[in-house]
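Novice: Input: one structure, supplied below.
The values are calculated or read from the model by the stated rules, or taken from the named source; none is laboratory data. These numbers come from a predicted model, not from an experiment. Positions of Cβ are backbone-derived with ideal geometry, glycine not excepted, and every protein chain shown enters the neighbour counts. Heavy atoms of the whole protein, side chains included, go into the accessibility calculation; ligands, DNA and RNA do not. Shrake-Rupley method; radii C 1.70, N 1.55, O 1.52, S 1.80 Å.
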Amino acid sequence: MIANWHAPPGAALPLRTGGDGPSVMGMSKDVMTAPSGGAPAPEPRWPVALTIFGVLIIAAAMPDRLTLLPPWAPLR
Amino acid sequence: MPLAGVTLASGKRRWLRIERAVLLAAATLILVLTVVALATLIRHIIVGGPERLGGLELLTSSVVSWVVNVAGFALLFWQLDAGGPRGRTTGAKIRPDWLFPQTAPGDAAPGWAPGYVDYLYLAFSTATAFSTTDVMPLTGRAEILMILEASIALVTMVIVASRAINVLAN
């Protein structure tokens, strides 16, 4: 029995209540998706580009870049 | 290139498809190479090689392995969950692979969808804690991916990094 400290005894657990749509873990998927209508704006890509750039900087700055070498390359 | 294409073309479907294919292929290739490099490092530690690896080389290699592991899995999570960025933005009814706390009943923000930073955080916390934190996997492939990421991070930290610190301390 999962304790629910905020609900009175006998009340339904919040995770068990859902909407009308198909549920995931008892929760309506309706609340998990963006509302339709109009052309949705694409998600900004700069964090992705920044991550890739950061990884390349870190890999290039390391004294020995073993992990970026192909497996057949001799170890230095 | 694909990232710039999506941004400049305001999310045209063609560029989104190209971006998905390129990033999935790149992330998979990077992660496979990381596993191979990690295996090579461990073999070198245990069996030895033509030259002895120094502590600094081991430490820097483990840092790069860990960072690449986090970044690669962040890209994979971002592209796979609920149809990728396109599926989430258009509100396509695709079953999500992860349950984020922002979508919990009572705290749900209408129209909220996870972004890349949320997946970067998920990958970072999985590699740091070796387990789930506040984001729950809902599907088998999500669980398998998290097992893989945690395993790579665990091997990197426990074997390679600890050996490097041991060598440096001596």
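Novice: Mind checking which residues of region B:84-120 are under 17 Å from the mean Cα position of the chain (by Cα) and more than 7 Å from chain A (Cβ to nearest Cβ)?
Specialist: Correct list: B:Gly84, B:Asp97, B:Trp98, B:Phe100, B:Pro114, B:Asp118, B:Tyr119.
Novice: From the list B:Thr40, B:Thr28, pick out the single residue that is more than 8 Å from chain A (Cβ to nearest Cβ), surrounded by fewer than 21 Cβ atoms within 10 Å (Cβ to Cβ), out of contact with any Phe, Trp or Tyr (no Cβ under 6 Å at 6 or more places or on another chain) and modelled with pLDDT of 80 or more.
Specialist: B:Thr28
Novice: Examine region B:65-83 for a residue that is over 14 Å from the mean Cα position of the chain (by Cα), modelled with pLDDT of 80 or more and open to solvent by less than 20 Å² (accessible area, probe 1.4 Å), and state whether such a residue exists.
Specialist: So far as region B:65-83 goes, yes, one or more of its residues are over 14 Å from the mean Cα position of the chain (by Cα), modelled with pLDDT of 80 or more and open to solvent by less than 20 Å² (accessible area, probe 1.4 Å).
Novice: Moving to a separate point now. Quick one: in region B:106-161, which of the residues that are part of a loop (DSSP other than H, G, I, E, B), touching a Leu at 6+ places or on another chain (Cβ under 7 Å) and farther than 21 Å from B:Leu58 by Cβ is least open to solvent (accessible area, probe 1.4 Å)?
Specialist: Across region B:106-161, the extreme among qualifying residues is B:Val135.
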